[in-house]
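Participant: Have a look at this one.
The values are calculated or read from the model by the stated rules, or taken from the named source; none is laboratory data. Keep in mind that what you see is a predicted model, and the values were worked out from it rather than measured. Here the Cβ positions follow ideal geometry from the backbone for every residue, glycine too, while neighbour counts run over all protein chains shown.
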Amino acid sequence: MANTAGEDAVGRLFPNFAVEPDLYVYRIEPIQGTASVMVMDEAAYNAARFMNKDIVTPDTLGANIPLFRVTEYAQARTAPAKPVHFILHLSHTGSTLISRLLDATGTTLGVREPWPLITLAELQDDLGAKHSVISDAEYAILRDSLVTVWSRTFRPETTGVVKVTSHAGRAIPDILKSHETSRAITLTLTPEAFITALLARQNPIRELLGFSVERMKRFQRTFGDLSAPVHALTPGEHAALAWLVERSVEHDVLTGDGTRERALDVDFDRFLEAPVEELGRMTEHLQLKASDAAVEAAATGPLMSQYSKVAGQAFTPEMRRALMTETRTLRGDDIARGMAWLENIASQSDAAAQLLR
């Protein structure tokens, strides 16, 4: 990516970095003190399903720059011209679809799963520890700089909305507390529906294992030493662990002082039953100026019949219901084990029991 053409493009666009989104920060490396930026127009933002390393191609114009330049320019802008909002979600609860539907109303610029947010969450985990590579003050500067970066839009009538990757959601409560104009949507499913949705995937254990190590560390910090180790969990129990840990973050936002009035809880199954009503409720909560006609057009348009994570793949609400029914038939024992794991944890932990109420 870094070449003469890319460096020239970055140099040309960087003077407006604090206010224009033409340069997207797709990676930060705090230890090396670098940031990777790339040129993106509005069409590229809208097309991107995930804004991580996978959006870089051999034709991408970009360069590596000192990380302090990002914070320096972001701090030069005294405050974001408008708020940036966040979609918190459990994995596989329709967050990509919701983000794209909000974009389709013409009122948002979606930033879907920015890679630096994962780095931010990892840095936050270590704050105050001897092995932390960043001080609390340095973290706050970096956090606020990234919020400014995500607030930039191409058109004044649009608002930046970050779709948070589920395993970085733990960074959002602090962001909301420190940015009082930001709001959040929390996407969820009932535990049984969530476990079913995760087990409906091909080779679910492969994906679940990839995140269960980090989730178990968070589980132990929050709920204590109440579970069998990761290697001993069944697929349904891995899925139950994911629900409990990620829902705990959403619960913090939905109940926390200074955040609960700015968070809206949305059940994805309820959304699928009444997409126009629920999408309208979300645009109203985020204080977007989406017309009723725009909301209805988005919620009844072609996005509702496509798999949002894979271009050109059909996936309707009816297809999802059929898949869920099939999974309940084929993997009922695994689903039951996951529910039993949750009930066992809730019997030993008041914090876990609150999430199941």
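Participant: Test each condition in (1) surrounded by 21 or more Cβ atoms within 10 Å (Cβ to Cβ); (2) more than 20 Å from the chain's Cα centre (by Cα) for residue 194 and report the one that comes out false.
Facilitator: It fails just one condition, (2).
Participant: When the residues of region 221-240 are filtered to those that are over 30 Å from residue 329 (Cα atoms) and not hydroxyl-bearing (Ser, Thr, Tyr), which remaining residue is surrounded by the fewest Cβ atoms within 10 Å (Cβ to Cβ)?
Facilitator: Among them, the one singled out is 225.
Participant: Give region 97-133 a look and list any residue that's part of a helix (DSSP H, G or I), more than 29 Å from residue 289 (Cα to Cα) and of a type outside the set (S, T, N, Q), or say none.
Facilitator: Matches in region 97-133: 118, 120, 121, 122, 123, 125, 126.
Participant: Give region 75-96 a look and list any residue that's part of a helix (DSSP H, G or I) and either surrounded by fewer than 23 Cβ atoms within 10 Å (Cβ to Cβ) or on the phi > 0 side of the Ramachandran plot (or both), or say none.
Facilitator: 75, 76, 96
Participant: Which members of region 6-62 meet the condition of being loosely packed, with under 15 Cβ neighbours inside 10 Å and assigned to a strand (DSSP E or B)?
Facilitator: Within region 6-62, just 29 meets the criteria.
Participant: Restricting to region 270-329, count the residues that are polar (S, T, N, Q) and not in a helix (DSSP H, G or I).
Facilitator: 7
Participant: Mind listing just one residue for me: the one in region 187-238 that is among the β-branched types (Val, Ile, Thr) and farther than 28 Å from residue 102 by Cβ and, of those, modelled with the lowest pLDDT?
Facilitator: Per the stated criteria, the residue is 205.
Participant: Right, something else. Does residue 354 satisfy the condition of being in a loop (DSSP other than H, G, I, E, B) and in contact (Cβ under 8 Å) with a residue 60 or more places away in the chain?
Facilitator: No; evaluated as a whole, the condition is false for this residue.
Participant: Could you pull out the residue among 99, 166, 145, 132 that is polar (S, T, N, Q) and under 20 Å from residue 285 (Cα atoms)?
Facilitator: Result of the check over 99, 166, 145, 132: 99.
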